[in-house]
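Rule-based calculations on the coordinates, nothing more; no lab input. Please read these numbers as outputs of a predicted model, since none were measured by experiment. Note: ideal-geometry Cβ built from the backbone for every residue, glycine included; neighbour counts use all protein chains shown.
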Amino acid sequence: MPRSSELLRGASHLECTYTGETVESEALHGLSSAGKPYFARYDLEAIRPGFQPADLAGRRADLWRYEDVLPVRDRACQVSLGEGWTPLLDSARLAVRMGVSRVWIKDEGQNPTGSFKDRGLCLAVSRAKELGAIELAIPSAGNAGGAAAAYGAAAGLPVHVVVPTDTPAPILAEIRALGANLRLLDGLISDCGREVWSGVEKHGWFDLSTLKEPYRVEGKKTMGYELFEQLGGRLPDGIVYPTGGGTGLIGMWKAFDEMERMGWIGPERPKMFSVQAAGCAPMVRAWESGAAEAEPWADAVTYAAGMRVPGAVGDFLILKAIRESGGAAVAIRDQDMYDWVQAVGADTGIFAAPEGGAVAAAVPALVAMGALDPDEEVVLFNTGSGLKYVGMSPV
Ligand SMILES: *Cc1c(COP(=O)(O)O)cnc(C)c1O
């Protein structure tokens, strides 16, 4: 689709999610002065009259259909590979297997690079380009590196990707083929983050780490708007989400707040269920202990690379959303993820990532805990394609 240089409204300002401090939104920003994430804020009262669910009919079938509540101002800077607007699939046989009444799978494996990281990196790269960044860098457990490489290539900006040496081979091949500068590190994503930071200080790279710049979460929030539209103008009772940095969970929670302010929904919210790997479960441990923030997890191990995140800068936002929604957090063993990948595949035709297997495994676990009622309708996020994990085995 040819894009004109038409100017949109964009964000009104950025707000620190911890202190409420505000700054203008038209320069490149990282974390706030308190070292916490910024949220982009919008003049929703002004946007509201022209951005009601009926206004979306006939709009483009990707996440830019929500451009009214996205930060990019110049349409010519909307980098796109066809991200978002992924199918929401009614999975009746899987529901029977799980013993619950209705299960939907939001199949994020159908994004351009095979994971929902495309949503966040699409926005972060578009906005970085618009605001004049010239060299981008990202630490990744895998999929975010692939997505950053793809959107950097589409935008014509160089990208440095730092990943652990044991990142799945298909993802390494992808990052290389997309022209990024790939560096392998013997460590975890947190170690990769330190490596990127030294490049920021030495070479002026712009850091695309999740929630350390304000716009990946804006791309991920579009999942919340899509759920509402694809369910015919309502939200489900529960959302089951595989949590690493938590950007998608935090983003959807933000979307629901915006939707309420624009009169799309009332104060009711889905229960937000956070799923982690038994070998790396900092949010589950914090939720169980009633803590407001999560201690980093030592010796993180799981083959679900997207959930191998020992510490998250948005920990307090994840825990707040789980608690305010009446949700819960649960840890799943790698072998159970693997077994449920097979079950999801046989029941639905979707080859899920291990993270998708984890959310499926979580449903019976949540029912057994009493956190989910079998009569409640849930949406499971399959956040990536199983094809990106070929050759990886449960740990
Ligand atoms: C990154 C990733 C996750 C975790 O997403 P967050 O929003 O960072 O919590 C889950 N699944 C897959 C496949 C991922 O790549």
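Once you reduce region 24-55 and region 72-144 to the center of their Cα atoms, the two points are 19 Å from each other. A cut-off under 15 angstrom between Cβ atoms defines the neighbours of C192, and their net charge, with Lys, Arg +1 and Asp, Glu -1, is 0.
Give the residues of region 142-184 whose amide nitrogen is closer than 20 Å to a point set 7 Å from the Cα of V390 in the direction of its Cβ. Zone members listed by number: 142-147, 150, 166-179.
Each Lys or Arg adds one and each Asp or Glu subtracts one; over the other residues with Cβ under 11 Å from the Cβ of I265, this totals -1. Simple point charges give the picture: +1 on the Cβ of Lys and Arg, -1 on the Cβ of Asp and Glu, and for the chain a dipole about the Cα centre of about 460 debye. For the chain, the residue among P37, P270, G20 whose Cα projects farthest onto the positive side of the dipole built from Cβ charges is P37. Distance distribution note for region 109-260: the fraction of Cα pairs above 28 angstrom is 20%. For region 117-207, the relative contact order is 32 percent, taking Cα pairs closer than 8 Å that sit 6 or more residues apart in sequence and dividing their mean separation by the residue count. Amide H contacts under 5 Å for T302: none, restricted to partners 5 or more places along the chain or on a different chain, H placed in the peptide plane at 1.01 Å from N. For I265, the residues whose modelled amide H falls within less than 5 Å of its own, excluding neighbours fewer than 5 places apart on the same chain, are E260. Summing +1 for each Lys or Arg and -1 for each Asp or Glu among the other residues whose beta-carbon sits under 11 angstrom from that of D166 gives 0.
With kT/(6 pi eta Rh) evaluated at 20 °C and eta = 1.002 mPa s, and Rh the Kirkwood radius from Cα pairs, region 117-207 diffuses with a coefficient of 170 µm²/s according to Stokes-Einstein. Looking at the chain, what % of the alpha carbon pairs are farther apart than 37 Å? I get 13 percent for the Cα pairs in the chain exceeding 37 Å. Mean separation of Cα pairs under 8 Å and 6 or more residues apart, divided by the residue count, gives the chain a relative contact order of 18 percent.
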